[in-house]
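One structure is given below, encoded as structure tokens.
The values are calculated or read from the model by the stated rules, or taken from the named source; none is laboratory data. Since the structure is predicted, the reported quantities are computational estimates derived from the model, not experimental observations. Here the Cβ is made from the backbone with ideal geometry for all residues, glycine too, and neighbour counts use every protein chain on show. Surface areas here come from the heavy atoms of the whole protein model, side chains and all, with no ligands, DNA or RNA. Shrake-Rupley method; radii C 1.70, N 1.55, O 1.52, S 1.80 Å.
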Amino acid sequence: MQNNKTKSSWTTKMLVEGALAIALSFVLARITFFKMPQGGEITPGQMIPLIIFSIRYGAGKGFLIGALYGIVDMMFGGYIIHPIQAILDYPLPYGLIGLSGLFSEEFKRTHQFAPILKGTLIAILARFVTHVVSGVVFFSSYASEGQGALAYSLVYNGSYLAVEYAIALVILFLLKNFLTNDLPNM
């Protein structure tokens, strides 16, 4: 029997794990430690399921699952003032969380935390950029008088995303051994 499975094909296991990642991220996003006045919140690891999926299956599949999560998040409580803003604040930044899987092969080979750290840093910075652009273009009216839109957006988005990143790193470090359990079977 010939195996027609390619690296880009989706297995049932991947689809189930992707759906679970979306569902778990949705639940974690609804538990907030702190909610910012114009959107954004600090959660108990909303990005973790998306990051884990990306680490297990790579950046491309992670981008798709993240973008789908962004659409779900937007549908159930998103704040939309313009179609481009909707893309910049929901599917694109969560899709970019998939970049945490950029070094997934290195992680699978070495089982070290460094590839997770590198990929997650790139992913959160990419997410940060999309939120900053959205803030500058669509939410600059919230900046204090005398404060530029860019400075406002950098501080506003950085304040909660830095905490979200720190929470994600701590949880991912604690889960590192769990993430490697079934790697030989993948």
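A few notes on this one:
- For D73, neighbours were defined as the other residues whose beta-carbon sits under 12 Å from its Cβ, and their charges (Lys and Arg +1, Asp and Glu -1) total -1.
- Distance histogram for the chain (every C-alpha pair counted, 10 angstrom bins, percent rounded to whole numbers): 10, 37, 33, 15, 5, 1, 0
- In terms of distances greater than 19 angstrom between alpha carbons, the cross-link table entries K118/K176; K35/K176; K108/K176 yield K35/K176.
- Top of F173, F113, F33 by mean-square fluctuation, Gaussian network on the chain, Cα under 10 Å: F33
- Contact order normalised by residue count of the chain, Cα under 8 Å, 6+ apart, percent: 19 percent
- Considering only K13, K176, K108, the Gaussian network model of the chain with Cα springs below 10 Å gives its largest mean-square fluctuation to K13.
- Rolling a 1.4 angstrom probe over the chain with all protein chains present gives an accessible area of which 69% lies on carbon and sulfur atoms.
- Pairs of alpha carbons in region 35-76 whose separation is greater than 14 Å (percent): 56 percent
- Paramagnetic reach from V137 in region 7-42 [backbone N under 19 Å; point 7 Å along Cα→Cβ]: 39-40
- Under the simplified labelling scheme, the Q38-V16 pair shows an inter-label distance of 4.4 nm, with each label point 7 Å from Cα along Cα→Cβ.
- Computed E for F76/L125 - FRET, C-beta separation, R0 35 angstrom, nearest 0.05: 0.85
- Region 84-177 - Kirkwood radius from inverse mean 1/r over Cα pairs (Å): 14.3 Å
- Binned Cα-Cα distances of region 110-151, short to long, each 5 Å bin given as a whole percent: 6, 22, 17, 13, 12, 10, 9, 6, 4, 2, 0
- Heavy-atom surface of region 119-174, accessible at 1.4 Å and reported per residue (Å²): 47 Å²
- The magnitude of the dipole of the chain, with charges of +1 and -1 set on the Cβ of Lys/Arg and Asp/Glu and taken from the Cα centre, is near 580 debye.
- Pairwise FRET efficiency - E106 versus L150, Cβ, R0 = 35 Å, nearest 0.05: 0.55
- For the chain, built as a Gaussian network whose Cα springs stay under 10 Å, the top-fluctuating residue of I51, I116, I87: I87
- Set against the 2.2 N^0.38 Å expectation for a compact globular protein, region 47-137 has a Cα radius of gyration ratio of 1.10.
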